[in-house]
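Peer 1: Here it is: the structure, laid out below.
Only the coordinates and a few stated rules stand behind these numbers; no lab work does. Bear in mind the structure is a predicted one, so any value in this text is a computation, not a measurement. A quick note on method: Cβ atoms are made from the backbone with ideal geometry, for glycine too, and the neighbour counts reach across all protein chains shown.
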Amino acid sequence: MQTQLLPANEAGIAFAARLLQEGQTVAIPTETVYGLAADATSNEAVAKIFAAKGRPQDNPLIVHIAAMQELEGLVRTVPAAAYKLAQAFWPGPLTIIMPKGPKVADAVCAGLDTVAIRMPSHPVAAAVIKKSGLPLAAPSANRSGLPSPTTADHTLRDMDGRIPLILDGGACKVGVESTVITVAADTPTLLRPGYITKEQLEQVLGEPVALSDAILHKLKEGEAAPSPGMKYKHYSPKANVILLKGSQQAYREYVCQHAEVGVFAMCYDEEVSSLPVPCVVCGSRQDEAAQARRLFAALRECDEKGAVTVYAHCPKPTGVGMAVYNRLIRAAAFQVVELEAAKL
Ligand code: AMP
Ligand code: MG
C-alpha cells in the first residue's frame with residue numbers, strides 16, 4: 001500500500017474524512033501524540049488499526065469525539081463525575097472510562113464492558129471527526145511497543161506502506177498520551193498519568209483519586225491490569241535504556257564511570273556540558289511540560305544516533321513528571337539504578 005503524507009489543510013481533512021467513511025485508517029495529529037484513526041462503530045475498520053500497529057487484540061482503544069452530544073449511544077450513562085471532568089478538561093488531553101454503549105464496535109473495547117472516551121482539542125483532529133461524522137477509535141500511531149510518534153515524520157517511519165494517509169499537522173504540543181481516569185468503579189482511579197495531573201483531577205472532583213499500582217510499578221506475573229495497555233513493554237527504542245535515580249552530581253559521576261563507546265546520556269539541558277558522552281536532551285530540569293513534549297522524540301533520537309546504552313536521568317514522579325516517569329520506566333523495561341544506594 002502507498003502511504004500519502006498530506007498537509008492538514010481543508011483538502012487533506014476532506015480526503016481523510018472520506019477514507020474514514022470508507023472504513024480505512026488515517027493517521028491524524030492530536031495535541032497529545034499522532035493517532036491512528038478509524039470508524040469506532042465498525043469492527044472491520046477497527047481491525048485495520050490493530051493490524052497496522054501489530055497491537056495485541058486485548059488492548060482496548062480510545063474513542064475520540066468532537067461534541068458532548070456524540071456521547072449518546074457510545075456510553076450507557078454519563079456518571080456525574082465524568083460530566084464534571086468533561087466540563088473542566090474537554091476538549092483536552094483527558095480520557096474518561098465510562099460504561100460502554102451499543103454504538104461502539106466490540107473490537108474497540110477488547111471485550112470490556114467499559115469504553116474510553118476523549119474529546120481532543122487539536123483543531124485538525126476535531127475537524128476530521130466533524131467532517132467524517134464518525135466517532136474515531138485512535139490509539140497512538142506507532143508500531144506496537146515503539147515510542148509514540150509526535151511528528152508526521154515519526155508516524156511515516158512506523159506506518160509507511162501500512163496505511164493510506166497521514167495528515168501532517170506539525171509537532172504535538174503535549175507530547176505524551178492522554179491522562180486516563182476511570183469513573184466506572186466507586187473510587188475514581190488514575191490508570192495512566194498525562195499532562196492533566198492527579199492534583200488537577202482531585203481539585204475538580206472534590207475527592208481523592210486513587211493511583212493504579214501499574215503506573216509506577218511493574219505488574220507481578222499473572223496480575224490483572226486495570227488498564228490492559230499497562231501490561232505491555234512499551235515506548236522502547238532499540239537501545240537499552242536504564243534509569244538512574246539520584247542527584248545531579250551522582251548522575252554525572254555514574255555516567256563518567258560508565259562512559260564507554262555507545263553510551264549516551266538522556267539528560268536535562270543543564271547537565272549536557274558536564275557529561276563526557278553524547279547527550280540527548282529532554283528539556284530543562286524544572287520544566288516538566290517540556291520534558292513530556294520532548295520525551296518520545298528523544299527516545300527515537302537515541303536510536304537514530306546509534307546509542308547502545310542510554311542512561312536516562314530519572315524524573316520525579318509528581319505532577320506532569322509522573323507521566324514522563326511512567327513512560328520512561330517502561331522504555332527502560334523497569335531497569336532502575338538507585339544511585340545513592342549504589343554508592344554505599
Ligand atoms: P493508546 O490509545 O495507544 O494511547 O492506548 C490506550 C490506553 O487506554 C491503553 O493503555 C488502554 O489499556 C487504555 N484503555 C482503553 N480503553 C480502556 C478501558 N475500557 N478500560 C481501561 N483502560 C482502557
Ligand atoms: Mg499507544
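Peer 1: For region 266-318 and region 76-117, what is the separation of their C-alpha centers, rounded to whole Å?
Peer 2: First find each Cα centre; the distance between them is then 34 Å.
Peer 1: What ³J(HN,Hα) values, in whole Hz, does the Karplus curve 6.51 cos²θ - 1.76 cosθ + 1.60 give for region 306-315 when θ = phi - 60°, with x put for Gly and Pro?
Peer 2: x, 5, 9, 10, 10, 8, 9, 6, 5, x
Peer 1: Between residue 223 and residue 2, how high is the FRET efficiency from 1/(1 + (r/R0)^6) when r is the Cβ-Cβ distance and R₀ = 35 Å? Nearest 0.05.
Peer 2: Working: r = 43 Å, r/R0 = 1.23.
According to the calculation, E is roughly 0.20.
Peer 1: Which GluC sites (Glu not before Pro) from region 22-69 combine a DSSP loop assignment with at most 13 other Cβ atoms within 10 Å? Could the numbers behind the result be given before it?
Peer 2: Values: sites: 22, 31, 44; in loops: 22, 31.
Sites meeting the loop and neighbour criteria: 22.
Peer 1: Let me ask you something else. Rounded to the nearest 20 Debye, what is the dipole magnitude of region 167-285 about its Cα centre when Lys and Arg each give +1 and Asp and Glu each give -1 at the C-beta?
Peer 2: Values: 11 positive and 14 negative charges, 59 e Å.
That gives region 167-285 a dipole magnitude of about 280 debye.
Peer 1: Rank the residues 97, 28 as a footprinting-exposure proxy: fewest other Cβ atoms within 10 Å of their Cβ go first.
Peer 2: Values: 97 27, 28 31.
Lowest to highest Cβ neighbour count: 97, 28.
Peer 1: Return one number: the angle in degrees, 0 to 90 and rounded to the nearest 10, between the long axis of the Cα atoms of helix 321-331 and the longest principal axis of the Cα atoms of the chain.
Peer 2: 80 degrees
Peer 1: Can you list the GluC sites (Glu not before Pro) in region 235-310 that are in a DSSP coil and have 15 or fewer other beta carbons within 10 angstrom? Before the final figure, lay out the partial values.
Peer 2: On the way: sites: 253, 260, 270, 271, 288, 301, 304; in loops: 260.
Sites meeting the loop and neighbour criteria: 260.
Peer 1: Could you tell me which residue out of 52, 136, 9 lies farthest along the dipole of the chain toward its positive end? Charges go on the beta carbon: Lys and Arg +1, Asp and Glu -1, centred on the Cα centre.
Peer 2: With unit charges placed on the Cβ atoms, the residue in question is 52.
Peer 1: Could you give the size of the charge dipole of the chain about its Cα centre, using +1 on the Cβ of each K and R and -1 on the Cβ of each D and E, expressed in debye and rounded to the nearest 20? Please report the intermediate quantities before stating the final value.
Peer 2: Details: 33 positive and 34 negative charges, 61 e Å.
That gives a dipole near 300 debye.
Peer 1: I would also like to ask the following. Determine ³J(HN,Hα), in whole Hz, for all residues of region 175-180 in sequence, where each value follows from phi through the Karplus function 6.51 cos²θ - 1.76 cosθ + 1.60 and θ = phi - 60°; x replaces Gly and Pro.
Peer 2: So the J values, rounded to whole Hz, are x, 10, 4, 4, 5, 10.
Peer 1: Let me ask something additional. I want the local charge near residue 21. Using Cβ-Cβ distances under 12 Å, sum +1 for each Lys or Arg and -1 for each Asp or Glu among the other residues.
Peer 2: Values: positive: 18, 131; negative: 22, 39.
Here the charged neighbours net out to 0.
Peer 1: Residue by residue through region 277-291, which ³J(HN,Hα) values in whole Hz follow from phi under the Karplus form 6.51 cos²θ - 1.76 cosθ + 1.60 (θ = phi - 60°), with glycine and proline marked x?
Peer 2: So the J values, rounded to whole Hz, are 10, x, 10, 10, 8, 10, x, 6, 4, 7, 9, 5, 5, 5, 4.
Peer 1: Can you give the charge dipole size of region 267-340 about its Cα centre, rounded to the nearest 20 debye, using +1 on the beta carbon of Lys and Arg and -1 on the beta carbon of Asp and Glu? Don't skip to the answer; put the middle values down first.
Peer 2: On the way: 8 positive and 10 negative charges, 58 e Å.
So the magnitude is around 280 debye.
Peer 1: Can you tell me the 0 to 90 degree angle between the C-alpha axis of helix 80-89 and the longest principal axis of the chain, rounded to 10?
Peer 2: That works out to roughly 70 degrees.
Peer 1: Put +1 on the Cβ of each Lys and Arg and -1 on the Cβ of each Asp and Glu in region 80-211; which of 204, 94, 126 then has its Cα farthest toward the positive end of the dipole?
Peer 2: Most positive-ward Cα: 126.
Peer 1: Report the full-extension gain for the segment residue 171 to residue 272: residue separation times 0.36 nm, less the Cα-Cα distance, to one decimal in nm. Show your work: numbers first, answer last.
Peer 2: Working: separation 101, 0.36 × 101 = 36.36 nm, distance 2.40 nm.
The span from residue 171 to residue 272 would gain 34.0 nm if fully extended.
Peer 1: Using Cβ counts within 10 Å as a stand-in for footprinting exposure, how do 53, 220, 84, 305 rank, fewest first?
Peer 2: On the way: 53 24, 220 7, 84 16, 305 12.
By the 10 Å Cβ count, ascending, the order reads 220, 305, 84, 53.
Peer 1: If you don't mind, another one. Suppose only helical runs count, i.e. DSSP H with n ≥ 4. What mean residue ellipticity at 222 nm does that imply for the chain under -39500 (n - 2.57) per run, divided by all residues and rounded to the nearest 500 deg cm²/dmol? Show your work: numbers first, answer last.
Peer 2: Values: 11 runs with 106 residues, N = 344.
Theoretical 222 nm ellipticity from helices: -9000 deg cm²/dmol.
Peer 1: In addition: For Cα pairs less than 8 Å apart in space and 6+ apart in sequence, what is the mean separation divided by the residue count of region 283-344, i.e. the relative contact order in percent? Write down the numbers at each step before the final one.
Peer 2: Working: 31 pairs, mean separation 16.9, N = 62.
Rounded, it is 27 percent for region 283-344.
Peer 1: Further question on the same structure: Arranged by the count of other C-beta atoms within 10 angstrom, fewest first, what order do 264, 15, 334, 50 take?
Peer 2: So the residues, fewest neighbours to most, are 334, 15, 50, 264.
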